[in-house]
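Just below is one structure, and these are the notes that go with it.
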Amino acid sequence: MVKSRKIVCAAVLSAFAFAAVSAQEVSFENEVSTDIVNISITDDDTDSKFAGFENKTTAEYTSEKLDMGLVLKFSLTQEDDDSIRLGSDSYVDDYWVEFRPIEMLGIGFHKGQLLEGAFLPCLDDQQDAEIEAGNLRNDFGVFVRPVDGLVISAGFDFDSFFNKDDTDPLINAGAEYKYEEMFAVGAMFRNIVSDDRSIGVYASYTGLEGFTFNAGYTNNGEIEDFNVVGDFINAAVMFESDAFALNVDAAFSLDSDDNTTNDLYTAVLAGYQVNDALAVKLYGAFTTDFDNDDTWVFTVKPYVEYAINEHNAISGGVCVGISKPEKTISFPVSWVYTY
């Protein structure tokens, strides 16, 4: 596995070096973040622990014939025995390549495209999370764009087996149609030939300036960071007017008899752009299992973002988590360099 990651990393970096000669658009972002200290408060004790830090590097190249990208992550963490670990379980966190030999056909490696209605804006700002059942991503796949606004994708994930007893290949297919700046509808079928298949159907309305409404249904899916698993419906509202922005999203489980997962996730992200450099934001999230009164969790995070110059920005705030067994406090800060 380590060897394959090194091969992928070297191949993508070599491709970036080649593409830079004739690049149409190259973007780069490096983010260093830390929560400084994690404080846990229970009825019996108060405990604090160094939160470590994470470095995330994202590079992306796009052109008429070729798209590719690479995401690298590593972290410094304090282990339970108080030792310090520097590294990552998955140094190459993500990569993607799509080349288009002709205008209507794209051939992709790990290239994803999240269906519009499956987008949850509060997740996008706070976690590396998404409704995976609504992503057209395949480890190897094709994208067919026969008419303007329509994309059809099909392919398979690696480690698939064919003609092997008791093992089904990981075959996926989906499509989305966008009509101008009005709406988008799409569906995704993952692991089609498996009994463990997932199905997602999603829609997005963007017909009003500054307003977006997303909704969808997922069968046998997951929102991992908030433990919403199985069949659920999702919805999101995004509103922006001048310096003010408000995002609200939610997912409601239809498998309420499962006591190991949450029935409800909902979050709010509000922001106000004070001036060109300074923005203040407030994030809040709530999860619960209606059949278990001890599972609810409420999180609130006020923070500020400040653009030092064209390439450098910093942010800082405080994050408070409240649940029945404990309260947690951390102080997330970050520095982002972009060009």
Worksheet item: Accessible area, 1.4 Å probe, largest first: how do Trp335, Trp96, Trp296 sort?
Response: Trp335, Trp296, Trp96
Discussion item. Relative to 2.2 N^0.38 Å, what does the C-alpha radius of gyration of the chain come to as a ratio? Two decimals please.
Written reply: 1.06
Worksheet item: So for Val318, Val92, what's the accessible-area order with a 1.4 Å probe, most first?
Response: Val318, Val92
Response to the item:
One point scatterer per Cα, no solvent, Debye formula: log10 I(q)/I(0) for the stretch 64-139 at q = 0.13, 0.18, 0.28 Å⁻¹ comes out as -0.58, -0.90, -1.23
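What is the dipole size for the stretch 105-256, taken about its Cα centre, with +1 at each Lys and Arg Cβ and -1 at each Asp and Glu Cβ, in debye to the nearest 20? Can you show the working numbers first?
Numbers: 7 positive and 27 negative charges, 111 e Å.
That gives a dipole near 540 debye.
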Worksheet item: List the aspartates and glutamates whose alpha-carbon lies under 15 Å from that of Lys178, not counting same-chain residues fewer than 8 positions away?
Response: Glu116, Asp148
Discussion item. Please give me the summed charge of the neighbours of Gly221: other residues whose Cβ is under 9 Å from its Cβ, Lys and Arg +1, Asp and Glu -1.
Written reply: -2
Discussion item. How big is the stretch 25-177 along each principal axis, measuring the range of its Cα positions in Å and listing the largest first?
Written reply: 61, 46, 28
Worksheet item: Any idea of Asp44's accessible area? Nearest 10 Å², probe 1.4 Å.
Response: 150
Item to complete: Considering the options Tyr339, Asn38, Leu120, tell which one lies farthest towards the positive end of the dipole of the chain, charges being +1 on Lys and Arg and -1 on Asp and Glu at the Cβ, about the Cα centre.
Response: Tyr339
Discussion item. Placing one identical point scatterer on every Cα of the stretch 192-327 and ignoring solvent, what is log10 I(q)/I(0) from the Debye formula at q = 0.11 Å⁻¹?
Written reply: -0.54
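What per residue convex hull volume, in Å³, do the alpha-carbon atoms of the stretch 164-258 yield?
Working: hull volume 11.0 nm³, N = 95.
Roughly 116 Å³ of hull volume per residue.
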Practice prompt. Sort the following peptides by mean Cβ neighbour count (other Cβ atoms within 10 Å, averaged over residues), highest first: 58-66, 187-195.
Written response: 187-195, 58-66
Worksheet item: At what distance in nm do the modelled label points of Glu209 and Val304 sit from each other, each positioned 7 Å from its Cα along Cα→Cβ?
Response: 3.2
Response to the item:
Ranking Asp249, Asp81, Asp43 from most to least accessible area with a 1.4 Å probe gives Asp43, Asp81, Asp249
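Based on the inverse mean of 1/r over its pairs of different Cα atoms, what is the Kirkwood hydrodynamic radius of the stretch 93-211, in Å?
Values: mean 1/r = 0.0654 Å⁻¹.
About 15.3 Å for the stretch 93-211.
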Practice prompt. Could you tally the net charge around Met68, taking each other residue with its Cβ under 9 Å from the Cβ of Met68, Lys/Arg +1 and Asp/Glu -1?
Written response: -2
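If I compute solvent accessible area with a 1.4 Å probe over the protein chains, what percent of it on the stretch 260-339 is carbon and sulfur? Intermediate values should be presented prior to the final figure.
Working: 2770 of 4310 Å².
Of all accessible area on the stretch 260-339, carbon and sulfur atoms account for 64 percent.
Of Lys73/Lys281; Lys49/Lys301; Lys73/Lys327; Lys111/Lys281, which ones are farther than 21 Å apart at the Cα?
Values: Lys73/Lys281 25 Å; Lys49/Lys301 19 Å; Lys73/Lys327 28 Å; Lys111/Lys281 31 Å.
Beyond 21 Å between Cα atoms: Lys73/Lys281; Lys73/Lys327; Lys111/Lys281.
The values are calculated or read from the model by the stated rules, or taken from the named source; none is laboratory data. Treat the numbers as computed from the prediction; the structure is a model and nothing was measured. Positions of Cβ are generated from backbone atoms using ideal geometry, with glycine treated the same way; all protein chains shown enter the neighbour counts. Ligands, DNA and RNA are excluded from the accessible area calculation, which covers all protein heavy atoms including side chains. Shrake-Rupley method; radii C 1.70, N 1.55, O 1.52, S 1.80 Å.
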